[in-house]
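Report on one structure; see the data block that follows.
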Amino acid sequence: MSRGLYRPRPVEVGTGQGDVPATVGREEVEAVREEWLVEDRWWTSRPLRRRYFELTTTSGANRVVFCDLVAGGWFTQTGA
Amino acid sequence: MGAGYVELHAHSAYSFLDGASAPEELAAAASMHGYPAVALTDHDGLWGSMEFAHACKGLGMKAITGVELTVAGRHLTLLVENRAGYRNLCRLVTLGHEETRRQTADGRPQNPTVSLEQLERHAEGLICLSGCARDGMLSVPAVSGDLAQAESLGRRLLGAFGRDRLRIELQRPFWRRDRERNRALARIAQRLEVPCVATGNVHCHHPSRARLQDAFVAVRLHSPLDQTEPDRRGNASSAMTSQAEMEWRFRDHPEAAAETARVAERIEFDLTTDLGYRYPGAEDPGADRKLAELCGARLADRYPGRSEETEAAARLDEELRVIRVLGLSGFFLLHHELLELAREVAHEVRGDSSVRALMPPGRGRGSSVSSIVCYLTGLSHIDPIRNKLLLGRFLNEEITALPDIDLDFPRDLREKLIPRVHDRFGRERAALVAAFSTYRWRGAIRDLGKALGLPAGDVERVARTADVYGDLEDFMGGAADTIGARRARSPRWQALIELCPEAYGLPRHVSQHPGGMVIATEPLIDVCPVQPSAMEGRNLVQWDKDSCADAGFLKIDLLGLGMLSAVERCVEEIARVRDQRIDLSRVPYDDTATYEAIQMAETTGVFQIESRAQMQSLRRTRPENLDDLTVQVALVRPGPIQGGAVHPYIERRKRLREDPGFEIPYLHPALEPALKDTLGVIVFQDQVLEVSTALAGFSAGDAEGLRRAMSRKRSDAAMAVYQQRFVEGAVGRGVDRDIAERVFEQVRGFSGFGFPKAHAAAFGLLAYQSTWLRVHYAPEFLCAAERAADGLLSTRFADPRGTAARDHGAASARQPRGGGVPGRAWARRASRPRIHRRRAGAGDRCAGRRARAWWALRRGRRPGGALWCLPRHARAPGLGRGM
């Protein structure tokens, strides 16, 4: 279902230096390919501040995770 | 300047509706972060560059002048390395704006842009950075994967700028493809064998201002924030940040961060000193002699056998000496030349036979009126000897900027004069001064409310309740009262309430100064970019009056004054109706009936003293001569009001009338010479100079600096410096600290706005002359004044055939009772202009009695105690019997 494609799902992330992900779930992070920041909807009741990472894990998988800087917690977002 | 990061790409609010901080804010933030240098690179313009350069200089930083230029639809960052580069940048920006008044196929104005060929022709002296992450000339093809095109464009830039002056620009806005893009750009740099350079593409001075930057983008795109996500920056990382943070951001490209300092170091150009502007006449070695001859010849005409002749000659010698020392003879000759040009234009506009031909083409205002040189060369109509006007405010040996000479003209004459000045000096050498429309409460509420997607009706209600001149507290309270406290707490309204104060005072778009013109010997486009004005055939320099003054430009204010038009029309009407030729320069200045009208506040429609506040004041101050009227004109202004001068002055005048022996109280005896004429209070700008000289020992240059700090919008810090110097100076001269503080508070209060005495004298004279006409030629004067107020509406729009002009003439001021036009026909004719008078707001001061007042005006009787009334004794021959 395409509707759920971008929906963030909670994920367990262990962080290293500079709060950069070191593990995602049970996998270790091999490389941080990209890091970006989204700050939006500050004029609404649901402001959005997310620190995104595009990662390659030791299994060779590409993962996109973000840290919700408003409510806290890590999420994964497939299709992003 | 050692290694470290220097910001080479920053936008201020002069990147209209893109940057969200004033140049001073950016400079202060850069200084706080410890930058040794910082660049300002607004989009396609240098509007804020002078302001920025002076702000940086004051903070001990090197200001780098630059522009983010649109070249063939893509962006390049250009930095000025030397004088030749500055000249080329000005020419490029001017070229970019050439077509901006033409519309695109979909009816929108064209954005500024230059071609790559134009850039190649003007590359000397400029350092080129390859452009921003989103729209940069190389990053756009690099991001889309077309590295061949990126490299080909890069080679073209390399051909124009060489390896010395081309850098590949890397940015880190924290977008998703940053690393990929920067890797691609770094590869291109390697192939071209040029260094990369890091930039921050700063859009605001602090992260908290990023929300306003978002909102500005929405305003610019005429869309709500919800629909502009792809065009916004996406996060707050485009705020000015520390060197350490920037070095961390570019940890993948440390050489690019280090290159910033190397680029900054090689830049020599300082906008505050290297402009190279010379005003026309400065190069003429015979200018001193010509001016002396011109003035000498007129001195004999103006003061033949008069007791003031010796004093006038001495004053002229002294002024000519100061002018020679300052090298300003050419400046005065140029103004004289302009006045002669105005005389030619006046001759064409007025015609030979018109009674208006008796009148000078224009008249001076402002401090220049205090100069005997201006009086003798025709730039001023006020005799400075007879009116005891001091020269210091206008001209002294310590001035750092050229003095202003402001000239008032009737509107019809000014309309023709401005294009003639363009023609005389050439469009490359004469241009109008720019002005910037800045956000006030109402504009901010409307624009930002729309961007936030708030209901249009509610936004308008809040905007209408906002006090135009109110402070932040008024605005916050007013908004909450209008929409209700609960709604005011909702995120969108809260955002509006928070953003409006941030937007307040920031420039929104370029407009045109009412009449300021800059004239240069060399082409103006070598010293400041020029862009077309909204009015066809006119050009604007990209600097406002303050920046032009800082640049030392010769600025001439050709101002349109409605009352001059009214007075001329009145004189013409008197000649037509009564066959009398009035020469206003010869009317008696001690006319009892005129002063009685002034003292009774029967001044509706006359110049300057017709406001409600003036009328209330007139009955209490009861002016008896031109000197009193000069004070009166200057008294009801924000400066004296905020400085607490009005009530003491009125009270002391009353006491003096009752007891001529009344002694004026002064805060300190040293103030008496300066404040004697205004009964111990500060009414004129000149008195600020005199008070600071008398009490704190300021030099003329110091005092002028204080006056400039007072009159500029961006001067809080400067005022604090002057306060300290004033108080310490006064204490050093034995003045009690408390007294010194109190006097300075009066000076600070005055800083709202006040007239120089010379300006007040010029306006006071026009106030007297217009009252004299009102008293002795009431029907003609009121019709002329009425038409000056709403003439454009009624004659041009309502009545293209021009019959309304007759309707507004004296002959139709009242319904003729003795025949002629039948009653109904007259009523039809009269009703048409009346409607438009209402639209124009004419008669507004009659507050609710407007219709009755207009009717009374026509019938010539007093409208039930209202101030709108014709003098009872006024009778105009041939006007029917209604008076």
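The values are calculated or read from the model by the stated rules, or taken from the named source; none is laboratory data. Being a predicted model, the structure only gives us computed values, none of them experimental. Don't worry about glycine lacking a Cβ; one is built from the backbone with ideal geometry, like all the others, and counts go over all protein chains shown.
In the condition set (1) without any contact (Cβ under 8 Å) to a residue 12 or more places away in the chain; (2) under 22 Å from B:Y86 (Cα atoms), B:H43 is compliant with all but (1). For the range B:308-328, residues that are out of contact with any helix residue (DSSP H, G or I) (no Cβ under 9 Å at 6 or more places or on another chain), free of Cβ contacts under 8 Å to residues at least 40 places away in the same chain and of a type in the set (A, V, I, L, M, F, W, C) total 1.
Filtered by the rule that a residue be closer than 19 Å to B:G754 by Cα, out of contact with any Ser or Thr (no Cβ under 7 Å at 6 or more places or on another chain) and among the β-branched types (V, I, T), the range B:647-702 gives B:T678, B:V681, B:I682, B:V683, B:V688, B:V691, B:T693.
One residue stands out among those in the range B:695-729 that are within 26 Å of B:P507 (Cβ to Cβ) and either polar (S, T, N, Q) or not assigned by TED's automatic domain parsing to the domain that holds B:A670 (or both): the one that is modelled with the lowest pLDDT, which is B:S715. Answer yes or no: is there a residue in the range A:23-30 that is without any contact (Cβ under 8 Å) to a residue 40 or more places away in the chain, over 12 Å from the mean Cα position of the chain (by Cα), within 14 Å of chain B (Cβ to nearest Cβ) and under 24 Å from B:E180 (Cα atoms). No: zero hits. Quick one: in the range B:227-261, of everything that is touching a helix residue (DSSP H, G or I) at 6+ places or on another chain (Cβ under 9 Å) and of a type in the set (D, E, K, R), which residue is surrounded by the fewest Cβ atoms within 10 Å (Cβ to Cβ)? The extreme case among them is B:R251. Residue under question is B:R446, and the condition is that it be basic (K, R) and either assigned by TED's automatic domain parsing to the domain that holds B:Q542 or in contact with a Phe, Trp or Tyr (Cβ under 7 Å, 6 or more places away or on another chain) (or both); does it hold? Against the criterion (basic (K, R) and either assigned by TED's automatic domain parsing to the domain that holds B:Q542 or in contact with a Phe, Trp or Tyr (Cβ under 7 Å, 6 or more places away or on another chain) (or both)), B:R446 does not qualify.
If the condition is being of a type in the set (D, E) and in contact (Cβ under 8 Å) with a residue 60 or more places away in the chain, then the range B:85-107 contributes only B:E98.
Residues of the range A:34-50 that are at the interface with chain B (Cβ under 9 Å from one of its Cβ atoms), in a strand (DSSP E or B) and out of contact with any Lys or Arg (no Cβ under 7 Å at 6 or more places or on another chain): A:E35, A:D40, A:R49. Screening A:R7 with (1) closer than 28 Å to B:P491 by Cα; (2) within 9 Å of the chain's Cα centre (by Cα); (3) away from chain B (no Cβ under 14 Å) gives one miss only, at (2). Set side by side, the residues B:L334, B:L341, B:L299, B:L294 differ, and just one is over 22 Å from B:S585 (Cβ atoms) and among the hydrophobic types (A, V, I, L, M, F, W, C), which is B:L334. Tell me yes or no: at least one residue of the range B:329-341 is in contact with a helix residue (DSSP H, G or I) (Cβ under 9 Å, 6 or more places away or on another chain), in a loop (DSSP other than H, G, I, E, B) and not acidic (D, E). No, the range B:329-341 has no match at all. Look at (1) modelled with pLDDT under 75; (2) not in a helix (DSSP H, G or I) and you find that B:A431 fails only one, number (1).
The rows are residues; the columns are (1) surrounded by fewer than 22 Cβ atoms within 10 Å (Cβ to Cβ); (2) of a type in the set (G, A, S).
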| residue | (1), (2) |
| --- | --- |
| B:Q494 | yes, no |
| B:R508 | yes, no |
| B:M517 | no, no |
| B:L524 | no, no |
| B:A575 | yes, yes |
| B:D579 | yes, no |
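Residues of the range B:513-546 that are of a type in the set (D, E, K, R), at pLDDT below 90 and more than 13 Å from the chain's Cα centre (by Cα): B:E522, B:E536, B:R538.
Hey, can you tell me all the residues within the range B:1-25 that are aliphatic (A, V, I, L, M), at pLDDT 95 or above and more than 23 Å from B:V541 (Cα to Cα)? Result: B:V6, B:L8. The set of residues in the range B:293-328 that are in a loop (DSSP other than H, G, I, E, B) and either among the hydrophobic types (A, V, I, L, M, F, W, C) or surrounded by 13 or more Cβ atoms within 10 Å (Cβ to Cβ) (or both) comprises B:Y303, B:R306, B:E308, B:G327, B:L328.
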